[in-house]
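The values are calculated or read from the model by the stated rules, or taken from the named source; none is laboratory data. Owing to the predicted nature of the structure, the values given are computational and were not obtained by experimental measurement. Cβ placement follows ideal geometry from the backbone for every residue including glycine, while neighbour counts extend to all protein chains displayed. The accessibility values were calculated without ligands, DNA or RNA, using every heavy atom of the protein model including side chains. Shrake-Rupley method; radii C 1.70, N 1.55, O 1.52, S 1.80 Å.
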Amino acid sequence: FSSINSNIVDRFNVYKGFVPVGFGGRLSSVFEVETRAGNKSNFYSEGSLSPISANVIVEMPIVKDKASLMVSTRSSYSNWILKRLEEPELRNSRASFYDFTVNFDYQLSDNSNISILGYNSNDDFNLNTLVEYDYGNLGGVLKYSNRIAPKLKTDVYLIHSNYNFATAN
């Protein structure tokens with residue numbers, strides 16, 4: 001599974017070796033992901049179901065043609081499947097993940113925009129108490145964009161990130 005729901009990605013870049021100075025210039029590689037804005041004119045939703053996970057996205061205009069809200073969530077139900085297996089080692093195991101993304105986007109004028117994105121994810125794996133790990137991400141971004149001239153744009157970000165990882169045995 002990808003870290004971010006691919007249905008909400010607008011664009012991405014991979015930087016290897018030479019990393020632009022905007023990322024600090026000292027990292028060995030960066031995977032930059034930008035999510036798309038929600039639908040500002042119409043309500044839209046979609047969902048999908050696979051053998052082990054489900055996905056739902058809801059987009060809606062808050063102020064027609066100016067502001068939108070997009071909510072995306074994914075979750076696995078592999079724990080439910082594991083509990084139905086005959087093998088005791090697997091039946092006594094856990095494997096699950098979820099993620100949740102919310103994106104508010106507001107066009108202040110023809111040249112400026114503000115967006116707020118929140119992200120939360122968690123993965124939990126336990127193989128019959130032999131191997132166990134749990135990790136998660138919590139993050140948020142406040143972004144202000146202003147097009148000063150046709151070839152000059154400023155982006156100002158306020159970013160928060162919290163990663164946790166735990167392992168046992």
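Applying the set (1) within 25 Å of TYR133 (Cβ to Cβ); (2) touching a residue at least 60 places away in the same chain (Cβ under 8 Å) to ARG91 leaves exactly one unmet item: (2).
When region 148-163 is examined, which residues are found to be of a type outside the set (Val, Ile, Thr), touching a strand residue (DSSP E or B) at 6+ places or on another chain (Cβ under 9 Å) and free of Cβ contacts under 8 Å to residues at least 12 places away in the same chain? Write out each step before concluding.
Taking region 148-163 and keeping what is of a type outside the set (Val, Ile, Thr), we get 149-153, 155, 157-158, 160-163.
So of that shortlist, the ones also touching a strand residue (DSSP E or B) at 6+ places or on another chain (Cβ under 9 Å) come out as 153, 155, 157-158, 160-163.
Hit for region 148-163 is LYS153, nothing else.
Filter region 61-73 down to residues that are in a strand (DSSP E or B) and surrounded by fewer than 17 Cβ atoms within 10 Å (Cβ to Cβ) and give me whichever is nearest to the chain's Cα centre (by Cα). Let's see the steps before the verdict.
As a first pass, look at region 61-73 and keep what is in a strand (DSSP E or B): 61-63, 67-73.
Narrowing the set further to residues that are surrounded by fewer than 17 Cβ atoms within 10 Å (Cβ to Cβ) leaves 62-63.
Numbers: ILE62: 21, VAL63: 24 Å.
The selected residue is ILE62.
Taking the criterion of being in a strand (DSSP E or B), open to solvent by less than 40 Å² (accessible area, probe 1.4 Å) and touching a residue at least 12 places away in the same chain (Cβ under 8 Å), would at least one residue in region 106-114 satisfy it? Taking every residue of region 106-114 in turn, at least one turns out to be in a strand (DSSP E or B), open to solvent by less than 40 Å² (accessible area, probe 1.4 Å) and touching a residue at least 12 places away in the same chain (Cβ under 8 Å). Among the residues of region 115-150, those that are of a type in the set (Phe, Trp, Tyr) and either buried (at least 16 other Cβ atoms within 10 Å of the Cβ) or farther than 19 Å from VAL9 by Cα (or both) comprise TYR119, PHE125, TYR133, TYR135.
So, PHE97, is that one under 30 Å from ASP124 (Cα atoms), among the aromatic types (Phe, Trp, Tyr), touching a strand residue (DSSP E or B) at 6+ places or on another chain (Cβ under 9 Å) and open to solvent by less than 60 Å² (accessible area, probe 1.4 Å) or not?
Yes.
For ASN103, the conditions (1) open to solvent by 50 Å² or more (accessible area, probe 1.4 Å); (2) over 20 Å from SER50 (Cα atoms); (3) touching a strand residue (DSSP E or B) at 6+ places or on another chain (Cβ under 8 Å) are fulfilled apart from (1).
Applying the set (1) open to solvent by 50 Å² or more (accessible area, probe 1.4 Å); (2) of a type in the set (Ser, Thr, Tyr); (3) over 18 Å from ARG36 (Cα atoms) to TYR157 leaves exactly one unmet item: (3). Can you name the residue in region 1-46 that is among the polar types (S, T, N, Q) and free of Cβ contacts under 8 Å to residues at least 12 places away in the same chain and, of all such residues, is farthest from VAL58 (Cα to Cα)? Per the criteria, the residue is SER2. For region 115-144, residues that are touching a Ser or Thr at 6+ places or on another chain (Cβ under 8 Å) and assigned to a loop (DSSP other than H, G, I, E, B) total 1.
What residue, of GLY38, GLY24, is at pLDDT 90 or above and closer than 20 Å to VAL141 by Cα?
Details: GLY24 fails: at pLDDT 90 or above.
After ruling out the rest, the residue left standing is GLY38.
If you take the residues of region 1-21 that are over 18 Å from GLY139 (Cβ atoms) and among the charged types (D, E, K, R), which of them is most open to solvent (accessible area, probe 1.4 Å)? Filtering region 1-21 for residues that are over 18 Å from GLY139 (Cβ atoms) and among the charged types (D, E, K, R), the one most open to solvent (accessible area, probe 1.4 Å) comes out as LYS16.
Of the residues contained in region 74-86, none is found to be under 30 Å from LYS151 (Cβ atoms) and either over 17 Å from the mean Cα position of the chain (by Cα) or open to solvent by 60 Å² or more (accessible area, probe 1.4 Å) (or both).
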